[in-house]
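Encoded as C-alpha cells, the structure appears first; notes follow it.
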C-alpha cells in the first residue's frame, strides 16, 4: 500500500471510558501509524465524533444543527489526535471543508497531496461539511479524492458480522465479503451512501478491531483477522 485512508472510531479512542479521550489508546495508535509512515506509507485519517456527540439520537435538536455539532466534534478529535501524533515524532496537518480560523487549513486535493509529499499525516476533519452526511461518507469521499489504495476501518468491533454480536452471541463473522453483499444484506460496515460510493469507485475496505495488539500495522501488512470488503 502506498497511500491509505484510516478511519478511527471516536468511541474506540475513548477506550473503556466510552467518552472523551483515553490517551494511552491514542498514543498506541500514534506509534503504529509512525511505523507505517517510517516504512513509506502515506496516511490520511478521518475520525468519528461518537466519543462526544451522536446527534441522531436527539429528538429536540434540529437535524442540521445536530450534524453541525457532530462536525465540530470531529475537528476537536483531529486536533487532539494530531498533537499526540506530533508528540511521537510525526508531522501532521488538519484539513477541514470549512474555515476554522487558524486552527485548520481548508481542504483541497492539491493541498493534501502537497502534505503527503512531505511525509505528513493528513487529518480530514469536519466530515463533508454538510448535514445529512456521516463520517463514513466523508471517509469514502476523501479516500476516493486522494486516490487511496484502500480504506482501513479501525472499530470497537473486530470485523463484519451477519448480525450484531453484542446482542446475538451466535453472530457469524466474515473473513471476506463483497461490497454488493454488504449493500444487499444491510451489514453494518459503513452507511449505505458510503457503501454505494465504494462500489462505484472500486474502493476496498478492511475492517478490524482497534484494540487488538498492533492491529493497524497488521491490517495494512495484510496479516490481520478482521474482514476484507471486496469490490471486484
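Where a number appears in this text, it was derived from the coordinates with a stated rule and is not lab data. Note that the structure is predicted; figures quoted are calculated from it, not measured. Counting neighbours? That spans all protein chains shown, and the Cβs are built from the backbone with ideal geometry, glycine included.
Details
- Rounded to whole Å, sorted largest first: equivalent-ellipsoid semi-axes of the stretch 90-129, Cα gyration tensor: 17, 10, 8
- In this calculation the C-beta distance from residue 105 to residue 80 is compared with R0 = 22 Å, giving a FRET efficiency of 0.85.
- Selected from 201, 211, 77 as most flexible by GNM, with the chain as the system and alpha-carbon contacts under 10 Å: 201
- Mean separation of Cα contacts under 8 Å, 6 or more apart, over the residue count of the chain: relative contact order %: 21
- Highest average packing first - 61-67, 2-8, Cβ atoms within 10 Å: 2-8, 61-67
- Shape of the stretch 50-173, Cα gyration tensor, a/c cut at 1.5: oblate
- Relative to its residue count, the stretch 135-198 spans a Cα convex hull of 93 Å³ per residue.
- Packing-based order for 9-19, 44-54, 145-155, using average beta carbon neighbours within 10 Å, highest first: 44-54, 145-155, 9-19
- DSSP beta bridges in the chain [antiparallel fraction, %, rounded to 5]: 15
- Our summary gives the stretch 62-120 a relative contact order of 23 percent, counting only alpha carbon pairs under 8 angstrom and 6 or more residues apart.
- Cα gyration tensor category, rounded, prolate or oblate, for the stretch 7-113 with a/c compared to 1.5: oblate
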